[in-house]
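Let me begin by presenting the structure, written as structure tokens, before commenting on it.
The values are calculated or read from the model by the stated rules, or taken from the named source; none is laboratory data. Remember, it's a predicted structure, so these values are computed and weren't measured experimentally. Note: ideal-geometry Cβ built from the backbone for every residue, glycine included; neighbour counts use all protein chains shown.
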Amino acid sequence: MIREFFLGFIKVHILHHAQEAPIYGLAMIDELRRHGYELSPGTLYPILHSLEATGYVTREDRVVNGKVRKYYAITDTGRAALAETRDKIRELVSEVLEGQGPKHLPEPPDLEEEGASDHG
């Protein structure tokens, strides 16, 4: 389960950097390693491909030192997703790390009081 959480964080991180400038795989692996994520190319490239397939990034092949390097840049769809994600991250951090928000979830409403008892 933790792996699934981290994959979400990694996708956000990729979109963040792709918004700043086009990125390529090995540079992104190094950047993620700096944050404590150990990813192999076999893990990162499928993530990049899925972001491309969903329209969040586009790929451009460039020749660098005689080799083709794949660069990924954020799209307008990716920017919108990143903006929405940032709002959710801000809200989550404020509740989980800063202790803002409810201490307990409210009790569910009494179904009989809402007239829902005749639905079951």
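Structure values in brief
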item	result
Test result for residue 98, of a type in the set (D, E, K, R), over 13 Å from the mean Cα position of the chain (by Cα), assigned to a helix (DSSP H, G or I) and surrounded by fewer than 17 Cβ atoms within 10 Å (Cβ to Cβ)	no
Complete set of residues in region 81-106 that are basic (Lys, Arg) and at pLDDT 85 or above	86, 88, 90
Members of region 1-49 found to be in a helix (DSSP H, G or I), exposed (fewer than 13 other Cβ atoms within 10 Å of the Cβ) and touching a residue at least 12 places away in the same chain (Cβ under 8 Å), listed by number	26, 41
Residue match in region 65-75 (condition: touching a Gly at 6+ places or on another chain (Cβ under 8 Å) and part of a helix (DSSP H, G or I))	no
